[in-house]
Amino acid sequence: MFLINCPYCGERDQQEFKAGGEAHIERPKQPTELSDDEWAEYLFMRKNIKGIQFERWNHAHGCRKWFNMVRDTSNDEIKLIYKMGEKPPSD
Amino acid sequence: MKNKYSIFSLIKNAFSYHENWHKAWKDPQPKKEYDVVIVGGGGHGLATAYYLAKKHNIKNIAVVEKGWIGGGNTGRNTTIIRSNYLWDASAGLYDHALKIWEGLSQELNYNIMFSQRGVMNLAHNLQDVRDLKRRTHANRLNGIDAVYLSTEEVKKFCPIINTSPNIRYPVLGGTLQKRAGTARHDAVAWGYARGADEMGVDIIQNCEVKGIKRNIDSVEGIETTKGFIKTKKIGVVAAGHSTVIANMAGLKLPLESKPLQALVSEPVKPIIDTVVMSNAVHAYISQSDKGELVIGAGTDDYVSYSQKGSHQIIEGTLNAILELYPIFSRMRMLRQWGGIVDICPDASPILSKTSVKGLYFNCGWGTGGFKATPGSGDLFAHTIANDEPHKLNAAFNLNRFISGDLVDEHGAAAVAH
């Protein structure tokens, strides 16, 4: 995982990027109605998958845009990169 | 009964060319059922089994380990031991461990090479100075030895540090905990394994957990590569793989597993007789008894189980080391490696019961678990044996992520987690 293919800039050194954690965690629509358990789930609980994981990354030292990445965390192989707002692939 | 290690047993075994030493631990196959099964044969897991047998009189215990004992993070850390944490809960936990470290070689009849050579933490900016002073006061209120040092005193304690005001991150001061230091990490695992084995604990290596069998509210056993093992109590001490085990029981944890790297140099004559850590530039260094400089780097910011870290992390650490210790500019690095550390959102560990009866987790130690090994084992054994936490680990429960009562050591401890 030395090169990351930014969807806006193309392949760049990993050093230019910042990992932003698990992707597709949605902010609660009705925060005032959330129970403590639901808050814990949203704020702290993470899938932390060994295998295929969906993540957000930021091209921090480049275009500074966010994008999504599908990555195998057991060997750091990048499977797919897609833009923010696009639907995650189902398979 | 095993031979006690002593000068006499050493002489006696010299006559037989050291070929008749007893095995330090057996290599048994798993029995059908145990009172307690510990998942993970690292320092914390072995210590848990040791104290369960020793203090709680539970003898029918198995420790199952996927690789070999002490082959994970126990053998990969930079062996630093200290207890100068900011918050009361952390101070209680880590100083409990430090007190056990002080007598551990004698207790285990195993030389863990515990060396109280002191740990110094450096301040590089005004905020560091304020934070470290505050922490020093907090430590002393908790009965933990801590002193604040001026730049001159830092230089006097460790003369090879570059204290020039003209470097990028000048040394503005530091703290010193004299009771802190290092220990030989492999020996800690081996000593606990030998001690636990002697009391009848089965240490089962090359035995990977494949599943946890449970009914609605309690555990029934574990599925392993060496077959099914029935048990009513499972203590999981699996570090970076805690989430993987939790998922087998249908639980979610507030953890992220990330690579943490360390490296050692070629061995040289004694040059640094203490441990120096720096939070702001994230570099810490000590010298092993073999003479290697032991250098700890930071974590990568992404989840990974690959036991490899990024090159730029090491580069950043070595940049900082070279600025602080120009004398090392021509040292050659010998080995570099990574381990997978499980990090909690508040950078404090979890030593806790779970919503499933008989399932306990000891995890989330992040980048700083080694120092707590004896205390963690002792308190986790108490938690498992009594099905209730000890008062020293009560704050480190899983429920704190729901109640919001976090033990926020992120940035508050002596070094970034």
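Some notes on this structure:
- Cα centroid separation, segment B:281-330 to segment B:229-278 (Å): 17 Å
- Shielding by other protein chains, A:51-59, mean Cβ within 10 Å: 1
- Rounded FRET efficiency, nearest 0.05, which uses the C-beta distance separating residue B:247 from residue B:59 and R0 of 30 Å: 0.45
- Loop-located trypsin sites (Lys or Arg not before Pro) in segment B:40-108 (DSSP state not H, G, I, E or B) with no more than 15 neighbouring Cβ atoms inside 10 Å: B:59.
- Cα shape, chain A, gyration tensor, a/c 1.5 rule: prolate
- Under 24 Å from the Cα of residue B:156 - lysines, other chains or at least 8 residues apart: B:133, B:178, B:269
- Loop-located GluC sites (Glu not before Pro) in segment B:11-110, at most 12 other Cβ atoms within 10 Å (DSSP): B:19
- Peptides B:324-337, B:243-256 ranked from most to least packed, by the mean per-residue count of other Cβ atoms within 10 Å: B:243-256, B:324-337.
- Sites residue B:13 and residue B:355, calculated FRET efficiency, Cβ-Cβ separation with R0 45 Å, nearest 0.05: 0.30
- Cα gyration tensor, segment B:5-92 - rounded (a/c under 1.5), prolate or oblate: oblate
- Ordering of A:58-66, B:127-135 by packing is B:127-135, A:58-66, highest average first (other Cβ atoms within 10 Å, averaged per residue).
- Helix-derived mean residue ellipticity, 222 nm - over chain B, DSSP H n ≥ 4, -39500 (n - 2.57), to 500: -8500 deg cm²/dmol
- Expressed as a whole percent, the accessible surface of the protein assembly as shown that belongs to carbon and sulfur atoms is 52, based on a 1.4 Å probe.
- For chain B, hydrophobic long helices are taken as DSSP H runs at least 27 Å long by C-alpha position along their axis with mean Kyte-Doolittle hydropathy of -0.5 or more; these are B:88-108.
- Counting, for every residue in B:294-304, the Cβ atoms of other protein chains within 10 Å of its Cβ and taking the mean gives 4.
- Averaged over the residues of A:15-21, the number of partner chain Cβ atoms lying within 10 Å of the residue Cβ comes to 3.
- For the pair segment B:67-105 and segment A:50-91, the centres of their Cα atoms are 36 angstrom apart.
- Placed amide H near residue B:220: partners under 5 Å, 5+ positions off or other chain: B:213, B:214, B:215
- For segment B:274-356: rounded, prolate or oblate by the Cα gyration tensor [a/c cutoff 1.5]: prolate
- Among the residues of segment B:306-328, those with an accessible-area drop of 50 Å² or more from chain alone to full protein complex, heavy atoms and 1.4 Å probe, are B:312.
- Using a simple spin-label model with pseudo-atoms 7 Å out from Cα toward Cβ, residue B:199 and residue A:39 lie 4.1 nm apart.
- Difference of contour (0.36 nm per residue) and Cα-Cα distance, residue B:266 to residue B:210: 16.2 nm
- Exposed-loop-free span, longest in chain A, where GluC sites (Glu not before Pro) count as exposed if DSSP calls them loop and at most 14 other C-beta atoms lie within 10 Å: A:27-85
- Violating pairs (Cα-Cα greater than 21 angstrom) within the set B:99/B:155; B:213/B:357; B:23/B:290; A:50/B:371; B:66/B:258: B:99/B:155; B:23/B:290; A:50/B:371
- For residue B:157, net neighbour charge (Lys/Arg +1, Asp/Glu -1) across residues whose Cβ lies under 13 Å away: +1
- Within-12-Å neighbourhood charge of residue B:316 [Cβ basis; K, R +1; D, E -1]: -3
- Förster radius 41 Å - calculated FRET efficiency between residue B:162 and residue B:230, Cβ distance, rounded to 0.05: 0.10
The values are calculated or read from the model by the stated rules, or taken from the named source; none is laboratory data. Keep in mind that this is a model prediction, so the values were computed, not measured. Here Cβ is always computed from backbone atoms with ideal geometry, including for glycine, and neighbour counts include all displayed protein chains. Side chains included, ligands, DNA and RNA excluded: accessible areas come from the protein's heavy atoms. Shrake-Rupley method; radii C 1.70, N 1.55, O 1.52, S 1.80 Å.
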